[in-house]
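The values are calculated or read from the model by the stated rules, or taken from the named source; none is laboratory data. Keep in mind that what you see is a predicted model, and the values were worked out from it rather than measured. A quick note on method: Cβ atoms are made from the backbone with ideal geometry, for glycine too, and the neighbour counts reach across all protein chains shown.
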């Protein structure tokens, strides 16, 4: 089925052929999915979270399946920003999908340095992760209070001059609206919401946590209602675009996020259940738009009746 212009969406001046993006941490560097399906069928790829230096992540075991999703404590394992630019990015440039570099730092200085390197690398967008709950020294610090979020967004905004800056927010806060507002005030171009919820699982035979890290990030269908609520609240608080994340498994979930206020979505855990989830979802979404006389998916943004 030809998509025409129904699924085209523009965020911060960047046009996507489809609003469905592979979520960071679930889609590798994109290369891993190229033998499975044509990456041109993905609107964009948010690559594994990049740090200034290579990072090994947390010890094993670090993934545990749950009733309606999964717990992960990978700990942001990655090759480092320089190796990504040298060894991974050239392959991705063969495709038309948009490339989003997700990044993080253990310190404010590392955030700034990594962002500055990426900003000079002709990427489509940058996605700053200030919310990962799996790194004891790092991201969680900057979501502990809106003032900390303000500090890191302001510092990174000063060095990111060429690329739209997305800030990915955590649901593990009292009021996500306050964090979104701070991001907008300090120059963020878009918000991504939500990251994972902190969770834990215990082996009743050994009486020990299943994850070596003890806690991990809960993702999958179980967190979709939290994501929908967060996007809806943020949409009524800020004017910058929102990318919805959390528990998306089919085109109906995509539509729900759009109605809540999203202009694009990221699909994560569903990729582990079905490696072709994104292209299948894209086709179903296009069919939905055609059957419901929707000329462009953007018509749905914020359309919930409250």
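A few points about this structure:
- You will find that of 102, 40, the residue that is buried (at least 22 other Cβ atoms within 10 Å of the Cβ) and either modelled with pLDDT of 95 or more or assigned to a strand (DSSP E or B) (or both) is 102 and no other.
- Scan of region 58-89 for residues that are in a loop (DSSP other than H, G, I, E, B), touching a strand residue (DSSP E or B) at 6+ places or on another chain (Cβ under 8 Å) and either over 18 Å from residue 128 (Cα atoms) or in contact (Cβ under 8 Å) with a residue 60 or more places away in the chain (or both), ordered by number: 62, 73, 74, 75, 76
- Residue match in region 124-139 (condition: over 17 Å from the mean Cα position of the chain (by Cα), at pLDDT 95 or above and crowded, with 24+ Cβ neighbours inside 10 Å): no
- Of all residues assigned to region 286-293, at least one qualifies as being touching a residue at least 12 places away in the same chain (Cβ under 8 Å), closer than 18 Å to residue 44 by Cα and surrounded by 18 or more Cβ atoms within 10 Å (Cβ to Cβ).
- Residues of region 44-57 classified as part of a loop (DSSP other than H, G, I, E, B), in contact with a helix residue (DSSP H, G or I) (Cβ under 6 Å, 6 or more places away or on another chain) and buried (at least 24 other Cβ atoms within 10 Å of the Cβ), total: 0
- Test result for residue 91, modelled with pLDDT of 95 or more and under 16 Å from the mean Cα position of the chain (by Cα): no
- Residues being over 15 Å from residue 168 (Cβ atoms), touching a helix residue (DSSP H, G or I) at 6+ places or on another chain (Cβ under 8 Å) and in a strand (DSSP E or B) - total across region 11-37: 1
Matching residues to (1) buried (at least 23 other Cβ atoms within 10 Å of the Cβ); (2) over 27 Å from residue 225 (Cα atoms); (3) at pLDDT 95 or above; (4) out of contact with any helix residue (DSSP H, G or I) (no Cβ under 6 Å at 6 or more places or on another chain):
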residue: 116; (1), (2), (3), (4): no, yes, yes, no
residue: 175; (1), (2), (3), (4): no, no, yes, yes
residue: 181; (1), (2), (3), (4): no, no, yes, yes
residue: 194; (1), (2), (3), (4): yes, no, yes, no
residue: 208; (1), (2), (3), (4): no, yes, yes, yes
